[in-house]
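Beneath this line is the structure, given in structure tokens, with notes to follow.
Each reported figure results from applying straightforward, stated rules to the coordinates on display, with no laboratory input. This is a predicted model, so every value here is computed, not measured. Cβ atoms come from the backbone with ideal geometry, glycine included; neighbour counts cover every protein chain shown.
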Amino acid sequence: MTENRASTQTLGSGENPPEQRRSAGALLIAGPVIFLLAEFIAAMAWTDPAYSYTHHFISNLGVHGPSTIFGQYMYSPLAWVMNAGFFVFGIVILAGTVALRDLSGRRRWATLVPATMLAVGGVLLALYPGSGEALDNGTGQYHSMGAFLGFIGGNVLAIVLGRQWQRIGVSRRMGRGLITVGVVGLVSMTAYLALIVSGGDNPIGVIGLIERGAVHPFLIGLICAGAALSKRRPAHEAPDPPSTLPRPADDAGKDAGGPRPHLR
């Protein structure tokens, strides 16, 4: 009875149940992996000319084409793969964030709002591919909105989770790592936007690399956080530490061969 009551109190004081924690961790891993796999598969199918992670925009992978935007030719044979990745990955990350039940009140909203922004941004990217024609027919604004919702939502989510490291159940080092990747992502997003505005129709050749600096770091950070959540043992399952108290004199005597005889 006493042990059950103690376990219940531990779980109720900010500790996710093991199944809930593993589910959250698995979803936070799955969402970024879906994005990165979709990006890789779509890029490998683009062979004439070869797709460049350094030069080409990520959104180019979702345009079947042929089309041209900002001086970049776009023809993605597996555009549907990238668009499926855009659509799903943010929703999965949002589901993982919802599964973090040890946050409440304003702390919970601080994670749900950016996670929702990320999910909505991914859906907009999938539904409105960023082709040259999109700029002409007006749908390009929805694609741009989706991109920046994703940039801001994903990086702010990483920072907020990093600040709440103790409550969500990761190490202090992991928390600092999440904050770092979020800051790097926001700085990269700012540089990316500046290059788009200043570069006109021909942004610099490493624009794709800078754009990925706004996306890949927070994706990798969420994968690491999800892995830490999946492996971490809850406090009430931790093994009891070995006792460091000195043994009573009587016990020491017994170990030495029994009680000492009394002197007469």
Quiz item: Each residue of the stretch 72-80 in order: what ³J(HN,Hα) in whole Hz does its phi give by Karplus 6.51 cos²θ - 1.76 cosθ + 1.60, θ = phi - 60°, with x for Gly and Pro?
Solution: 9, 7, 10, 7, 10, x, 10, 4, 5
Self-check item: Local net charge near Y51, Cβ-Cβ under 15 Å (Lys/Arg +1, Asp/Glu -1)
Solution: -2
Quiz item: If you project the alpha carbons of the stretch 22-63 onto their three principal axes, what span does each projection cover, largest first, in Å?
Solution: 42, 17, 15
Quiz item: Which one of L103, W80, G62 is farthest out on the positive end of the charge dipole of the stretch 9-141, using unit charges on Cβ (Lys, Arg +1; Asp, Glu -1) and the Cα centre as origin?
Solution: L103
